[in-house]
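> Quick one: the structure is below, questions incoming.
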Number of protein chains: 2
Amino acid sequence: MEADAVVLLEKGDNKVPPTWIRPGAAVIRKLLKYQFQILTFLTFYLQNVVCSSSRLLQEQQYRPWRLRSLKLNPLTPVPSDIEISRAQTPKAVTQLAEEIGLLPEELEAYGRSKAKVRLSLLDRLQSQPDGNYVLVAGITPTPLGEGKSTVTIGLVQALSAHLKLNSFACLRQPSQGPTFGVKGGAAGGGYAQVIPMEEFNLHLTGDIHAITAANNLVAAAIDARMLHEATQTDKALYKRLVPSINGVRKFSPIQISRLQRLGIEKTNPESLSPQEVSSFVRLDLDPNKITWQRVVDTNDRFLRKITTGQASTEKGQMRETGFDIAVDMRNRLARMVVGTSRSGRPVTAEDLGVSGALAVLMKDAIKPTLMQTLEGTPVFVHAGPFANIAHGNSSVLADKLALKLVGQDGFVVTEAGFGADIGMEKFFNIKCRASGLQPNVVVLVATVRALKMHGGGPSVSAGAPLPKEYIEENLDLVAGGCHSNLRKQIQIAQLTDTEAEVALVCQIARECGAADAVPCYHWAEGGLGSVELAKAVKEAASKPSHFNFLYDVEIPIVEKIRTIAQKVYGAHDIELSAEAEAKIDYYNQQGFGSLPICMAKTHLSLSHMPEKKGAPTGFVLPIRDVRASIGAGFIYPLVGTMSTMPGLPTRPCFYDIDLDPITEEITGLF
Amino acid sequence: MEADAVVLLEKGDNKVPPTWIRPGAAVIRKLLKYQFQILTFLTFYLQNVVCSSSRLLQEQQYRPWRLRSLKLNPLTPVPSDIEISRAQTPKAVTQLAEEIGLLPEELEAYGRSKAKVRLSLLDRLQSQPDGNYVLVAGITPTPLGEGKSTVTIGLVQALSAHLKLNSFACLRQPSQGPTFGVKGGAAGGGYAQVIPMEEFNLHLTGDIHAITAANNLVAAAIDARMLHEATQTDKALYKRLVPSINGVRKFSPIQISRLQRLGIEKTNPESLSPQEVSSFVRLDLDPNKITWQRVVDTNDRFLRKITTGQASTEKGQMRETGFDIAVDMRNRLARMVVGTSRSGRPVTAEDLGVSGALAVLMKDAIKPTLMQTLEGTPVFVHAGPFANIAHGNSSVLADKLALKLVGQDGFVVTEAGFGADIGMEKFFNIKCRASGLQPNVVVLVATVRALKMHGGGPSVSAGAPLPKEYIEENLDLVAGGCHSNLRKQIQIAQLTDTEAEVALVCQIARECGAADAVPCYHWAEGGLGSVELAKAVKEAASKPSHFNFLYDVEIPIVEKIRTIAQKVYGAHDIELSAEAEAKIDYYNQQGFGSLPICMAKTHLSLSHMPEKKGAPTGFVLPIRDVRASIGAGFIYPLVGTMSTMPGLPTRPCFYDIDLDPITEEITGLF
């Protein structure tokens, strides 16, 4: 398939700052002329024949929702995102829940327009066949973002409110780092938004806060434990860890788990030998091999590398460490590895005695949050920003719940962060591998702004004015971008061992080629403006598809990294630092060799060099370090200078954000 | 008044670990014999005659609630706190809200048993007279806590459910630091609890998370701004801070505020002179004079002192700083001072451009959370743990809302953290000064365990078994504690320039002296066990009272600190470090001299030395440093080695906490 087999053009770029729109009708017409998006569909054969036939048997279970959609009255020029969001009154979330078939006892309201959905729903709908699973991905974006969320929401508005097909958007909760830093929120934009957008973009229902609290409890436990071990004898440690209460000493269940891992099959604290006591009380963490960092949901670059423990109360136990931005639920809490003992054993959260407390901190965060689009159609928000440094996909649980709720002929549209090389590759090889789910359709979003950048346009940076090449028409730059980055990203979607049905793609390409594109107007018109896209997605989903993984998890870690680097990024080869090599050896020894790979790479280039646009080739991808998220279940190579803590620009967007003291309305939030 | 004029004895100590209770009836009887609490009432003359007479006019507005109280069936032995909490089914919070006169539109539910209450309520009930205002304080506690929250909740259960008087408890949201560290939660205990206690003790409605996010956004903004100023010219900074968008440059409102503070009355960005541009773009923060620390709601002692900015991306801008535990809403966001410029000017959150974003982050946290007791009576939870390092009182807004809701003859019972020297002194001199409210009754809680400690008993430490002196009867130690710490704490309550009505206190003392005490059983029986206490509080509240502040805010900072040290703590004098003196001089220069004082002192002694029990005298109180919380509106001296970041013990309570994977019930949370 060729790169110019792209199929849909969309007028209106949701990420154009509103100030450009306001000047007048002439500017708007000009913008509408070239600020469009190109969407590519790729379909996959469905491998699982059993699944297909069992679907047919249960087809009659499909029940169209009686959804009361909210009417839109789009204005021209399009107002700011927050003005649009505020002008629409959301339905009570309890009403939305009833319309889509949730029982009252499956809902926990958080205010009027958000609710947690209980996981017991999965049991109730166990025999319900899944709906169609649609992934929205993109080409390598500019730092301003290219509107995948807007496409996702426009598409479900079109499917639900206009084609009357049950459909759900599954989105990630945005991080407050970018919300107050550069990029703006992730609720969509224009007339394709999740509302109320300020609730979506701020604390939501507290999931990221819960993750932060759980993560930092582990970090505090690590350092405190090292201090206590450094300053107490085996006997004193044992007396405190297993105290005598009213003359009785007892192990807690979490301590019995640790004894079992140590091969000590005793349950009476008095019966341990001094050697066993010593093994039990000493995690003996090697300060240079702590892999657990603290997190904060703020773009706080000065926490990238810090020295802790400098107060005199910490008795000289200083240690160099850092903070990451709070991301990604590590959902297999007990087995999370936090570091290595001096004798080389992995030390887990359960060894620290903290895994139960983590589960308790996370008990509500594990439930997806139900919200709605501007047209009153359902949205799940759950987990996962930062496809560059984490896997950056929304949760498997939300997708599974939504697939059951929409039923056989319904649609679940989810989004993979950043370019297809980043979020989509991880969606396929990590998320789908873990969930067992397979996508039926992929929508690939490419804005003209990003295509121009890949075609050789000047650099785009957040906070700085956009160069004139991006404001005025320039067909050469667009063509350049199509033939480099877009072509490559399409190949990536095919490369994950997918045998795309070329005939179908070509047919859509002929129908919808750039010269004869079907225009989409969801940013300016809401779902009505994406009806043609929705029909194309429905058509693509009705065809059989085929899906395979890019790599077998059983090949060596280095080979898995190399496969991604070469086949996805276009690298000539990879180069491992000594540290990365040593870590890989260690992970192999410890039996972590069969985990999938979650690359931490810049999202601003297919390569590790953010300034290299288009589709670079021939480069050697440097692997600086390799981390392991054993709880989450992946190996986590750090590519080049990639940082796990973003920074704030000179003029962060918080300058414009305020609360009106009289009306209590938020101003300036995009 | 003498220290032995104490009035009530209460059987049952809510803080006895449940494992001591379980062994059998003999142990329980023994415990009930001496694990009691002594409560002292002090009343104050009401100064404001106008207020009193206006109350009479509006008396008829009082409307008793039609509250459906929840029945208790107390078990013996008393089960663990979480078992008791789980055995009771709370009313829907919407029902509770209706019963106490809230309108549906004033409520924002968070799940089934918590709701935020909108502040518009204050306007609606503007003309409603306030109810009675009761403060629960205590003597110097052991590290295990002495049950003030339990008394508070037992008292409102008795007042509401048994005496049928409208009453509200106003409590602080507990920090997750102690919840997973040492002390346990703050929901009360036994049959006097807020339910569901696990929701109370964990994330609640996310207020502390919001505070943490807002605080850390300021911290990130400070360091990022210093980096950008260090690496850019005036012109480059100006170009980024006031970018040209579509050819137009415009100041944001927050930037215009800064220009006004600089005395630059211009609104056109093109019109500033180079000197004015330089003043505008350069906060020129002195890295050694940053007063803003990061916060985390975890007992993470290794963050007490750290060095940040060590990654190469931060270009050598390293800085020694630290984290505090997340506390206390700083509610006057714009004027918060974050540090000092090299030329000696205070730099505020508004100078950083971040104050509007903070208001947005805090917009829901400003609303109190409604919950209920085990007997279905209302509770507000809002703000404020850590009376030792912050002011440690629940919010003024919650108290004001509750005083309106209970109405003229109702009762609002709130709690001041730790001993009367700490929380109550701050309640009087900071909180009441800010709110204009005055307490009608003070309940002073003293456990025998703490009295014994002050009477010369061995040290009590969390995580270690309790010495036998505390488990066996020892009248000498109790008497010693009464004549030292309790006597002194009673004097403190009188000392805040209050003319207690001695005749009344003596009358209550005669009625309820230790030899002839009225027993209370709220821990074992719920509100029914505190009915005598409730009657005594009602009687005390019906007498006129008188209230004055300990010091005039206009006297010099040093004199205010000395007054607290001498009159409250019993110190001979204070001793200021050179740093403390320099800071005080600076605060005086900057016009912060008239703020009240919020001492950061250990809660484990009346002095600065945690091991000095009883009522130490003759000591010199060392003032190590003095900070200023200009937003909150107080000066904040650090006494001795007091740390603003607690630590974790060798065996934190998280060892016992877990989530049952089948029932999803929490186990081991106290």
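The values are calculated or read from the model by the stated rules, or taken from the named source; none is laboratory data. Remember, predicted model here, so these are calculated numbers, not experimental data. Virtual Cβ from ideal backbone geometry, glycine too; neighbours counted across all protein chains shown.
Rundown of residues vs (1) without any contact (Cβ under 8 Å) to a residue 40 or more places away in the chain; (2) within 38 Å of the chain's Cα centre (by Cα); (3) under 26 Å from A:Ala582 (Cβ atoms), yes/no style:
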site	(1), (2), (3)
A:Phe251	yes, no, no
A:Ile254	no, yes, no
A:Ile264	yes, no, no
A:Gln293	no, yes, yes
A:Asp297	no, yes, no
A:Gly309	no, yes, yes
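> Continuing with the same structure: Kindly list the number of the only condition in (1) within 27 Å of A:Asp656 (Cα to Cα); (2) part of a strand (DSSP E or B) that fails for A:Ile82.
Here A:Ile82 clears every test but (2).
> Could you run through region A:524-577 and say how many residues are of a type in the set (Gly, Ala, Ser) and closer than 18 Å to A:Thr602 by Cβ?
Step one: of region A:524-577, the residues of a type in the set (Gly, Ala, Ser) are A:524, A:526-527, A:529-530, A:534, A:536, A:540-542, A:545, A:565, A:570-571, A:577.
Keeping just the survivors that are closer than 18 Å to A:Thr602 by Cβ gives A:565, A:570-571, A:577.
Count: 4.
> Follow-up. Say whether the condition of being under 25 Å from A:Ala359 (Cβ atoms), without any contact (Cβ under 8 Å) to a residue 12 or more places away in the chain and touching a Leu at 6+ places or on another chain (Cβ under 8 Å) is met by at least one residue in region A:209-227.
yes
> I'm checking my understanding of the structure. Among residues of region B:416-437 that are of a type outside the set (A, V, I, L, M) and within 13 Å of B:Ile139 (Cα to Cα), which one is surrounded by the most Cβ atoms within 10 Å (Cβ to Cβ)?
Within region B:416-437, the subset of a type outside the set (A, V, I, L, M) is B:417-419, B:421, B:423, B:425-429, B:431-433, B:435-436.
Narrowing further to those that are within 13 Å of B:Ile139 (Cα to Cα): B:417-419, B:421, B:423, B:425.
Details: B:Gly417: 28, B:Phe418: 25, B:Gly419: 32, B:Asp421: 30, B:Gly423: 28, B:Glu425: 28.
Per the stated criteria, the residue is B:Gly419.
To keep it simple, each residue is scored yes or no on (1) among the acidic types (Asp, Glu); (2) surrounded by 21 or more Cβ atoms within 10 Å (Cβ to Cβ); (3) at pLDDT below 90; (4) assigned by TED's automatic domain parsing to the domain that holds A:Glu579.
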residue	(1), (2), (3), (4)
A:Thr602	no, yes, yes, yes
A:Gly618	no, no, no, yes
A:Thr644	no, no, yes, no
A:Tyr655	no, yes, yes, no
A:Glu664	yes, no, yes, no
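> A follow-up question, please. B:Asp351 versus (1) in a loop (DSSP other than H, G, I, E, B); (2) surrounded by fewer than 18 Cβ atoms within 10 Å (Cβ to Cβ); (3) in contact with a helix residue (DSSP H, G or I) (Cβ under 7 Å, 6 or more places away or on another chain): which is the lone unmet condition?
Condition not satisfied by B:Asp351: (2).
> Identify all residues within region A:119-169 that are modelled with pLDDT of 90 or more and among the charged types (D, E, K, R); write none if there are none.
A:Arg124, A:Asp130, A:Lys164
> Collect the residues in region B:568-579 that are modelled with pLDDT of 90 or more, assigned to a helix (DSSP H, G or I) and under 25 Å from the mean Cα position of the chain (by Cα), keeping them in residue-number order.
Residue satisfying the conditions is B:Tyr569 alone.
> Residue under question is B:Gln88, and the condition is that it be modelled with pLDDT of 90 or more and among the polar types (S, T, N, Q); does it hold?
Values: modelled with pLDDT of 90 or more: yes; among the polar types (S, T, N, Q): yes.
Yes.
> While we're looking at this one, here's another question. Of all residues in region A:221-259 being of a type in the set (S, T, N, Q), at pLDDT below 90 and not in a strand (DSSP E or B), which is surrounded by the fewest Cβ atoms within 10 Å (Cβ to Cβ)? Before the answer, list the steps.
Here is the first cut: in region A:221-259, the residues of a type in the set (S, T, N, Q) are A:231-233, A:244, A:246, A:252, A:255, A:257.
Filter again for at pLDDT below 90, leaving A:244, A:246, A:252, A:255, A:257.
Those left that are additionally not in a strand (DSSP E or B): A:246, A:252, A:255, A:257.
Details: A:Asn246: 14, A:Ser252: 19, A:Gln255: 21, A:Ser257: 18.
Out of the qualifying residues, it is A:Asn246.
> List pairs: first in region A:412-435 and assigned by TED's automatic domain parsing to the domain that holds A:Ala390, second of a type in the set (Lys, Arg), Cβ under 6 Å, 6+ apart or cross-chain?
If the second residue must be of a type in the set (Lys, Arg), the pairs left are A:Glu415/A:Lys148.
> Could you identify the single residue in A:Leu621, A:Leu648, A:Leu638 that is assigned to a strand (DSSP E or B) and within 14 Å of chain B (Cβ to nearest Cβ)?
On the way: A:Leu621 fails: within 14 Å of chain B (Cβ to nearest Cβ); A:Leu648 fails: assigned to a strand (DSSP E or B).
It is A:Leu638.
> Restricting to region B:91-150, name every residue that is assigned to a loop (DSSP other than H, G, I, E, B), buried (at least 24 other Cβ atoms within 10 Å of the Cβ) and either of a type in the set (D, E, K, R) or within 14 Å of another protein chain (Cβ to nearest Cβ) (or both).
Selection gives B:Glu146 alone.
> State which residue is modelled with the highest pLDDT when the search covers only region B:389-415 and only residues that are in a loop (DSSP other than H, G, I, E, B) and buried (at least 24 other Cβ atoms within 10 Å of the Cβ).
So in region B:389-415, the residues in a loop (DSSP other than H, G, I, E, B) come out as B:389-392, B:394-395, B:407-410.
In the following step, the residues that additionally are buried (at least 24 other Cβ atoms within 10 Å of the Cβ) were identified as B:389-392, B:394-395, B:410.
Numbers: B:Ile389: 70, B:Ala390: 73, B:His391: 74, B:Gly392: 77, B:Ser394: 85, B:Ser395: 87, B:Gly410: 93.
Only one residue fits best here, namely B:Gly410.
> Which pairs turn up if I take residues in region A:341-359 that are facing chain B (nearest Cβ under 8 Å) and in contact (Cβ under 8 Å) with a residue 40 or more places away in the chain and look for partners that are of a type in the set (S, T, N, Q) and not in a strand (DSSP E or B) with beta carbon separation below 7 Å, at least 6 apart in sequence or on another chain?
A:Gly353/A:Gln255
> Now a separate question. When the residues of region B:361-371 are filtered to those that are surrounded by fewer than 22 Cβ atoms within 10 Å (Cβ to Cβ) and within 8 Å of chain A (Cβ to nearest Cβ), which remaining residue is modelled with the highest pLDDT?
B:Asp364
> Quick one: would you say B:Asn216 is among the polar types (S, T, N, Q) and facing another protein chain (nearest Cβ under 10 Å)?
Numbers: among the polar types (S, T, N, Q): yes; facing another protein chain (nearest Cβ under 10 Å): yes.
Judged against the criteria, B:Asn216 is a match.
> Listed residues B:Thr179, B:Thr205; which is under 20 Å from the mean Cα position of the chain (by Cα), within 14 Å of chain A (Cβ to nearest Cβ) and assigned to a helix (DSSP H, G or I)?
Numbers: B:Thr205 fails: assigned to a helix (DSSP H, G or I).
Going through B:Thr179, B:Thr205 in turn, the sole match is B:Thr179.
> Please determine, by comparing only the residues of region B:279-323 that are part of a helix (DSSP H, G or I) and buried (at least 20 other Cβ atoms within 10 Å of the Cβ), which one is farthest from the other protein chains (Cβ to nearest Cβ).
This residue is B:Phe280.
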